[in-house]
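One structure is given here, and the rest of the page talks about it.
The values are calculated or read from the model by the stated rules, or taken from the named source; none is laboratory data. The shown structure was predicted, so the numbers you read here are calculated from the model rather than taken from an experiment. No Cβ is skipped: glycine too gets one built from the backbone with ideal geometry, and neighbour counts run over all protein chains shown. Calculation scope for accessible area: heavy atoms of the full protein, side chains included, ligands and nucleic acids excluded. Shrake-Rupley method; radii C 1.70, N 1.55, O 1.52, S 1.80 Å.
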Amino acid sequence: MKEANEIKDREIVKLENSLQALQNKVDETNELFLKECDSAQKAIEEAKVAKDQEILKLQNSLQVMQNKFDETNEVLSKERDSTQKAIEEAKEAKDQEILKLQNKVNETNDLLSKERVSTEKAIEEANKAKDFEIQKLQSSLQTMQSKFAETNALLLKESESLQKAIEEAKEVKDKEIQKLQNSLQESQSKLDETNALLIKERESSKKAIEEASIVKEIPVRVEDTEKISSLTTEVKNLKALSEWERQRADESEKKFSEALESSEDRRRKLEETERRVFQLQESLDRLEDKLADIESQNQVLHQPGSSKLHKNKFEEGHSRSIKDIHSSSTHSRNASDSDERLKKPLDEKQEYQDLLTRCIAQRLGFSRGRPVAACIIYKCLRKWRSFEVEKTSIFDRITQAIGRAIETQDNSDILAYWLSNTSTLLLLLQRTLKGSGLAGDSHHRRSRSGKRTQSFRGSPHGVNVSSMDGDSLSGSDSFRLFEPKYPASLFKQQLTAYVEKTYGLIRDNLKREISPLLGLCIQAPRISRSSLPKGTARSFANAASHELLLAQWQGIVTKVGCLLNTLKANYVPPFLIRQVFTQIFAFINVQLFNSLLLRRECCSYSNGEYVRSGLAILEHWCYTATEEYAGSAWDELKHIRQAIAFLVTYQKPKLKLIEISRELCPMLSVQQLYRISTMYWEDGHGTHSLSPEVISNMRILMTQDSTNAIASNSFLLDDDSSLPFSTDDLTRSMDTISISDIDPPPLLRESSGFGFLAPRSNY
């Protein structure tokens, strides 16, 4: 028992000692707590003092801002008063202008009433004159028919004589050219012979002079001096002869050039003669048509029971027809009168061209995926036969309208609209025009007379769209090819240039938009973990970093997707859309890959994982965009994809050079692989770079390549901004379209001269 009590006492003593020690620690802790409380109280007081000072400063600055605000209010009130005065003055001026305009309107109404009265009088006089002309018409019709027969016979004789004169002139011209060529050939051969003789004589004289100069001690013989003098005179004669031959050759060349100029003048005169003959033939065709109309109207007039309305129409037609007959007969005697007579139809054609250019300057939209502007332009050009004329201004007007429309180079929607129209119009031209050449030109010129010129030179009134062969591009059989003249060929070249320019602007605009984002996408963003709460897990930090990653790469996908939607909304051909995104992804590949090779902080495992996640976002976009629009865009990222695959590989020290170059990174050169492997640094994931043996083998290969002149020393990629397709590639890739059922826009639908644009179902 005693031992147990002693043990218990000892334990009690130990507990008391430990309790005393704990009490001492508690006292010390209390003292420290009091000290900390005092220091915290002091800090709070200092903070209050600083806060009071800041509040005072803010109050002072607020007072200053209040003063400035009051001054601004005063200035605004003054400006408001001055503006009110200006508005009142403008109203007074406007009222005065309105009064003046009303006075002018009243004066105009008075003038119009006077003109109306005079016009009615003139109409009455014209009706009387018309009745008198109708009486004369019956008597002059017979004489006109006889004159027409005589004129036709004379024109046939003149055309035959002109044809004979043309053939004779061509034969004479060919003979003269042949003679000049023969004489030029003879003079050239004589000149060559003379030059050969001159060279031989010079060589012989030089030898003789050298021999004479070598023998110094021997006195010069008289025979040698005579021989030398004779040789020198002969050399002079040969020089004079060669000079004469050269002058003769120059004269022959001048004569030949003069003969060419004269033949060119004759050719021009012949073309002018042919043009006059065509004009005469046109006038004859018009006379035939007018006479046929007169005969038909005469039959109607002589029918029993014909109404007064028919007589009035007959009288009007007769008055117009007799005027045309008189002017046509005058035109057959003088070609200049014909030009004046054709002025009115040409003015009408100019008016229609102006209306077309004003119409296409507006946004006409699309009809079932077909650009309305391109189809309207093409149908008008076909109907007006603009592809077959040698001089016209309609092509320049169209190209100027397109050029003005795409001046806003930063608006992708406008550029996409005109890329769709120009590419479609180029497709229609490509499948309409033959290759450039002059084959069959004479036959084409002979067929230009008569009915063809009527449809072009006359106004497009009453044109039926069903008369246009080739309205539908559904098959080549229904499409007639044209031999284009120079304006049509130039228009096709300008249209091709506009397609290339618009395509390049759309592509370069997207490059400029995504370039700032690409600089942020090559390196993972850093998040300060000290800003997170203490209890936050590591997964939350990773989620925040992943969200920032998506923000950078998603910006690129958003811009690319926005452009895709714009191109699809404007029905740009899928071939062009594929080419745009193929070049855009190639640009992304170049920018990311070059940044990776130039920045060592990007060559790590964690950064490789970051870039790989971003590339996965681009891959998903290519999948959702489908191959029809994305094409081979994903394949353009091979360099950066293979470089990132190398960075995130764990077994880099175990890899051999042949495995890297053939399996892991077949697109990368030895210089690029060496650059990435030497810049790689370990960032805490336990991954290391290649083995020293593999790096040494790379150095050896690089040394061998440096001795080869073909190898390139640059390890960076170049961005190719050239056009990746040709016109033939574009037109072959586009589907055939039908333009027969395109509804014309309201501006053209209201004009009677564009009736041929109406769909065929309306006829």
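Percent of accessible area on the stretch 1-130 owned by carbon and sulfur, 1.4 Å probe? Looking at the stretch 1-130 in its full context, I get 56 percent from C and S. Using a simple spin-label model with pseudo-atoms 7 Å out from Cα toward Cβ, Glu390 and Leu22 lie 12.2 nm apart. For the stretch 610-763, the per residue solvent-accessible surface stands at 55 Å², with DNA, RNA and ligands left out and a 1.4 Å probe.
Using a 1.4 Å probe over the heavy atoms of the protein chains, calculate the carbon and sulfur portion of the accessible area of the stretch 565-670 as a whole percent. Walk me through the numbers before you get to the answer.
Details: 2230 of 4490 Å².
Solvent-exposed carbon and sulfur of the stretch 565-670 make up 50 percent of the total.
Can you tell me how the stretch 546-610 classifies by the Cα gyration tensor, rounded, prolate or oblate, using a/c under 1.5 as the rounded cut? Oblate, since a/c reaches 1.5 and b/c is not below a/b. Converting phi to 3J(HN,Hα) with the Karplus coefficients 6.51, -1.76 and 1.60 and the offset θ = phi - 60°, the stretch 647-657 yields 5, 8, 7, 6, 8, 5, x, 8, 6, 9, 5 Hz in sequence order, with x at every glycine or proline. Structure note, pairs Lys179/Lys255; Lys349/Lys383; Lys164/Lys391; Lys164/Lys434; Lys349/Lys379; Lys179/Lys254: Cα-Cα distances above 20 angstrom occur for Lys164/Lys391; Lys164/Lys434.
Database remark: amide H of Ser738 closer than 5 angstrom to the amide H of Leu473 (H placed geometrically; neighbours at sequence offset of 5 or more, or on other chains; Pro and chain starts carry no H). Using the Cβ-Cβ distance between Ser595 and Gln409 with R0 set to 35 Å, the FRET efficiency works out to roughly 0.80.
For the stretch 1-122, report the accessible area per residue in Å² (1.4 Å probe, heavy atoms, rounded to an integer).
Accessible area per residue: 96 Å².
Spatial offset of the stretch 589-664 relative to the stretch 1-51 amounts to 63 Å, using the alpha carbon center of each. For the stretch 1-80, the gyration tensor built on C-alpha atoms gives a prolate shape. Its axis ratio a/c (a ≥ b ≥ c) is at least 1.5, and a/b is the larger of a/b and b/c.
Note on Thr624/Ala569: beta-carbon distance plugged into 1/(1 + (r/R0)^6) with R0 of 22 Å gives a FRET efficiency of 0.80.
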